[in-house]
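Single-structure report; data block below.
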Amino acid sequence: MPLDFLKRKNTAGKAAHPTASKTTGPAVLPEEVVAQDFVLKLYYAGKTSEGVRMTTGPQAMVELPSMLVGLAQTEIEVVEPLPIEFSQATPVIARPSEAMQWINAHHVHSPITRHALVVLESIDAIDLAFDTFVCALLDGEVDTSGYPEYNAVIGGIAAHWDEATGDMICRAVVGWGGRGVRGDTDRNGAKLLAGLLTNILANQYAMGLTAVERPMPAAGRGGLVCAHCGFASAHERAFYCPKCGMRLLRG
Ligand SMILES: [Zn+2]
């Protein structure tokens with residue numbers, strides 16, 4: 001009886017002591033560290049064509065969706081340039097303020113268009129500070145939630161107003177990607193890009209190919225408010241409203 005009592009007391013004392021350890025001596029580093037590897041390979045890719053100069057502004061604007069006819073596998077959606085309050089919008093979830101702007105700006109769009117924007121904005125193929133983007137699924141499948149598979153090709157037309165002349169410049173844009181990559185997607189994308197460019201050039205307002213000089217994004221203070229449509233551009237060097245194409249008046 002007195003022995004049992006002693007034992008129990010001893011155990012309790014040991015557990016309470018912070019330096020007490022079952023192992024003796026320092027831990028030995030094994031010769032080879034057994035590591036479990038984790039990796040996620042995201043692959044985003046895209047192509048854009050040369051620009052095509054269009055003769056008129058607002059009339060050419062309404063023609064944009066028709067340039068996807070024959071190539072679009074789904075409904076054609078139009079994404080307008082983002083006003084200044086969304087100038088920080090970025091599809092990167094680790095940056096909550098930018099991500100929130102992006103979601104607020106784009107949650108109304110279809111899963112296909114959102115996927116297209118994530119891919120094409122991530123690789124810098126389009127910039128919604130000045131681009132109007134007309135988009136659809138061009139090839140491949142969507143998953144059960146309606147989002148394109150990694151090898152599905154999305155795309156359409158990106159249009160912006162040339163700073164010098166005020167002409168609308170249209171580019172064909174395609175993109176694809178996600179958790180996987182397939183060898184034939186690139187070739188497929190190139191074929192679709194050619195089809196889109198053919199459609200742009202076939203438009204009644206098309207004047208011909210032109211070098212694309214993309215407008216410079218604003219350096220901070222923001223640009224001008226369009227007197228015609230009220231669009232507040234984040235794009236301080238713009239001479240023409242990114243949304244309606246009318247000349248911006250400088251105060
Ligand atoms: Zn405007």
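Which FRET efficiency value, to the nearest 0.05, is calculated for Asp184 and Tyr147 with the Förster distance at 22 angstrom and r the Cβ-Cβ distance?
Working: r = 21 Å, r/R0 = 0.94.
Efficiency for this residue pair is about 0.60.
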Worksheet entry | Cross-link partners of Lys243 among aspartates and glutamates (Cα-Cα below 16 Å; sequence separation of 8 or more within a chain) | Glu63, Glu77, Glu80, Glu85, Asp127, Asp131, Asp162, Glu163, Asp167
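Would you rank Lys41, Lys47 by solvent-accessible area, highest first, keeping every protein chain in place and using a 1.4 Å probe? Could the numbers behind the result be given before it?
Values: Lys41 160, Lys47 50 Å².
Descending accessible area places them as Lys41, Lys47.
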Discussion item. Through the Karplus equation 6.51 cos²θ - 1.76 cosθ + 1.60, θ set to phi - 60°, convert the phi angles of segment 138-150 into ³J(HN,Hα) values in whole Hz; use x for Gly and Pro.
Written reply: 9, 6, x, 10, 10, 7, 5, 8, x, 8, x, 5, 4
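Stretch Val34-Val108 to full length: gain in nm at 0.36 nm per residue minus the Cα-Cα span? Show your work: numbers first, answer last.
Numbers: separation 74, 0.36 × 74 = 26.64 nm, distance 4.69 nm.
Between Val34 and Val108, full extension yields 21.9 nm more.
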Fill in: Förster-model FRET efficiency, 35 Å R0, Thr198 and Leu42, C-beta, rounded to 0.05
0.65
Practice prompt. Please list the non-local residues whose amide H lies under 5 Å from the amide H of Tyr240, H modeled 1.01 Å from N, same-chain partners needing a gap of 5 or more.
Written response: Leu248
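Stretched out fully, how many nm does the piece from Cys244 to Thr56 gain, at 0.36 nm a residue minus the Cα gap? Let's see the in-between values first.
Details: separation 188, 0.36 × 188 = 67.68 nm, distance 1.16 nm.
Taking Cys244 through Thr56 to full extension adds about 66.5 nm, to one decimal.
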Worksheet, complete the sentence: Listed by chain and number, the residues whose amide H is under 5 Å from that of Asp167, excluding neighbours fewer than 5 places away on the same chain and using placed H, are Asp162
Discussion item. Skipping prolines and chain starts, which residues have an amide H placed within reach, meaning under 5 Å, of the one on Val79, given they are 5 or more residues away or on another chain?
Written reply: Phe133, Val134, Cys135
Worksheet item: In square angstrom, rounded to the nearest 10, how much accessible surface does Ser49 have for a 1.4 Å probe?
Response: 20 Å²
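The values are calculated or read from the model by the stated rules, or taken from the named source; none is laboratory data. Because the structure is a prediction, the values reported are computed rather than measured. Because the Cβ atoms are built from the backbone with ideal geometry, glycine has one as well, and the counts that use them run over all protein chains shown. Protein only, heavy atoms only, side chains kept; ligands, DNA and RNA dropped before computing areas. Shrake-Rupley method; radii C 1.70, N 1.55, O 1.52, S 1.80 Å.
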